[in-house]
Amino acid sequence: MSLVERIKRYQTYNRSRKIKAFHFHSVQSNILFKIVPFLLHCNYPDLPGYVNDADCPFGIYRFLPEEVVDSELFRFYFPDSKARNIQTDSPYSKNPCIHSLKTIGSIGTIAQSEKSDCDFWVSIRFEEIGSHGLSLLEKKCKAIEKWALDRGLEIYFFLMDIDQTRENKFSSAAEEESAGSALKLLLKDELFRTHILVAGKMLLWWLIPPGLSEEGYRKYVSALIHKRHLHPDNFVDLGYLSDIPKAEIFGACLWQLNKALDSPFKSVIKFAYLELLLKHKTKILSLFSTKILCLVTFPDKLPKNELKLPLSQIDPYLLLARELVAFYQKNKIKDEDTLIRECLFLKTLEGTQCQKSDQLKTTLALMVKWDLLPPNHEQIALLHNWQYKELLSTGSRVHAYLLDTYNRLGQLRKTFPDETGRAITDRDLSILGKKLFSFYDVKENKIIYLHTLSRKVMAQSDLTFHAGKNGDALAYYIFQGTPQIHSTTINKEALIKRDTDPIHLMIWLTINGILQKKTRLHLTKNSLHFHLTEFQYLADILIKNFPLFNFSHIPPEELLSPEKVIKALVVINFAHKLVKGSQTLQSTIITVNNYGEYFLHNYTTLVQLKNAMGLLLSRHYVSRWNNNLEIYIPEQPEKYYIQKMLENG
């Protein structure tokens, strides 16, 4: 097969991935594949992403803005812009700096969902734009990210130097997120097997046959150029993947376990892939990117018994899931093959509200065809109507799988040669270990995170409160759903949690994503000593002050720094107890630290409260003047008196 034929096969495959994305969500895809590259390609004052500096680099090689974004689409998104007026000088760069713009991840695959964010890999050469130019381009990208977010689309740009990437020396936010040495080659493997070329130059990798060594790859590329079969300026050379040290993969396991704290569906698939790699017997690991390479541009290199798929049917996530299921079935490791099926299905359901949607129908058909449909798919399809206990049970299974697998791989790591054991650094272990410790560890006065599917999935549309006697004490209950109007009995099956401290109950609901802004609160008609409006006010304050914590976004340097409180909320006399001077003032302080841990402390006197607030100020610089402390006193006859006591001490 000639190079021209291989290039045509790749172009057909890349086009099919884009078509899948457009079929899934045309509006989202217009932004990702047309508007985003257009905004990167131009710089004009009335367009998003404009940087008012003549030194700002922009533009994508070989991008045709007028063809990709026609006048109708341009006017739809930018009705007031003068960038395309006849009198306006061209807003496009004469010296483009972006060699290649690619998505990396689930876009255009079965795993894409309405909640999928999109990571763009922006291949540039740092030496061409310099450090000042890099800073300006980052500023431009941040402005475009904000513009997209305002339209409900979460996108991120990773500015990657071509030469550093080829040598696996990443120096971007991608490395920051991966805690340095723990990813690198696996990140490149994911790029190769999942990317869609949005604009610019094709990756040279697609034209290099599998099975070469690093030296063999360099010789092969040199020969192609020497014989003038290809011109190097027409492609982006990000290097080759011939081998990955097993200790590198262990580091990525630790990193992926951290990612699971926020997005466990996708992490299970990736974690299983890492186990598959580590269990491989040969020194050269059979990466899945190599399988995709063979299917797309080197079908002649596939084993004779391997099915040669039509290019439109090559779906990286679907094929990987199929291989993982076969791996677990062969190795007879518990019921992990079923869990893989379930997590792939759950990933596709994220954000899909309608059970009869075209996306769900397409997903079902594909998974039936590839024998990947989980046995309980009908129940899983009703995810948004699940009982709380079902959500919790499935989440516990996912976290148990992740921890069990991590323990299995930890034992396997002990068999590695000594020289590979240093591939993950002590710094990485500290960073990644601290995240896990913050999530899973139990400490005094700490508010515990649930081991859930996803804190975003846990959100409830309706919650019902009940206050009643539990022995001699007053207890507070929270139930899933709305109260039964004609019944005074409590539906024990819908019970989420019981607590003697209502504030602890409310903050626990908030940090675990069960109580969110859209949640409607209700009250059973036989509740004792209970004012729903005050709980609604408290809920609003908690949600405003403590948004869902994203563990994957904690900067590495923060995890290496000492623990410190970054925000606090003081709730005073929530129970409306009679205040007899400063000796009987009841209060609660809720804090969150830089590791994502929440704590709750109760106080019974004004002196205790003021001492605690003094420590927050002196040790952590937390105060109302620093805008990281809020004080809430519910409406009550003694509110003014409490405020004066607090001010005067």
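The values are calculated or read from the model by the stated rules, or taken from the named source; none is laboratory data. As the structure is a computational prediction, the values presented were derived from the model and not from experiment. FYI the Cβ positions are ideal-geometry reconstructions off the backbone, even for glycines, and counts take in every protein chain you see.
Values computed for the structure shown
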{"quantity": "Top-ranked residue in region 311-352 [being within 20 Å of Met458 (Cα to Cα) and among the polar types (S, T, N, Q); ranked as modelled with the highest pLDDT]", "calculated": "Thr348"}
{"quantity": "All positions within region 211-249 that are in a loop (DSSP other than H, G, I, E, B), over 17 Å from Val4 (Cβ atoms) and among the hydrophobic types (A, V, I, L, M, F, W, C)", "calculated": "Leu212, Leu238, Leu241, Ile244"}
{"quantity": "Complete set of residues in region 185-210 that are outside any helix (DSSP H, G or I), of a type outside the set (A, V, I, L, M, F, W, C) and on the phi < 0 side of the Ramachandran plot", "calculated": "His195, Lys201, Pro209, Pro210"}
{"quantity": "Filter pass, Ser29 being of a type in the set (Gly, Ala, Ser), closer than 15 Å to Val198 by Cβ, surrounded by 12 or more Cβ atoms within 10 Å (Cβ to Cβ) and without any contact (Cβ under 8 Å) to a residue 12 or more places away in the chain", "calculated": "yes"}
{"quantity": "Only listed residue being within 19 Å of Leu153 (Cα to Cα) and free of Cβ contacts under 8 Å to residues at least 12 places away in the same chain, chosen from Phe22, Phe38", "calculated": "Phe22"}
{"quantity": "Pair list, Cβ < 8 Å and 6+ apart or interchain, from region 434-448 residues that are under 17 Å from Phe551 (Cα atoms) to residues that are modelled with pLDDT of 85 or more and part of a helix (DSSP H, G or I)", "calculated": "Ile447/His504; Ile447/Ile507; Ile447/Trp508; Ile447/Ile511; Ile448/Trp508"}
{"quantity": "Entirely in region 1-93, the helices (runs of 4 or more DSSP H) that have 1 or more residues that are over 23 Å from Lys139 (Cα atoms) and of a type in the set (Ser, Thr, Tyr)", "calculated": "3-24, 26-30, 71-77"}
{"quantity": "Count of residues meeting criterion [farther than 24 Å from Glu275 by Cα and either free of Cβ contacts under 8 Å to residues at least 60 places away in the same chain or not in a helix (DSSP H, G or I) (or both)] in region 374-392", "calculated": "12"}
{"quantity": "Every residue from region 500-554 that is loosely packed, with under 13 Cβ neighbours inside 10 Å, at pLDDT below 90 and part of a loop (DSSP other than H, G, I, E, B)", "calculated": "Lys525, Leu528, His529, Asn550"}
{"quantity": "Scan of region 298-326 for residues that are assigned to a loop (DSSP other than H, G, I, E, B), in contact (Cβ under 8 Å) with a residue 60 or more places away in the chain and charged (D, E, K, R), ordered by number", "calculated": "Asp315"}
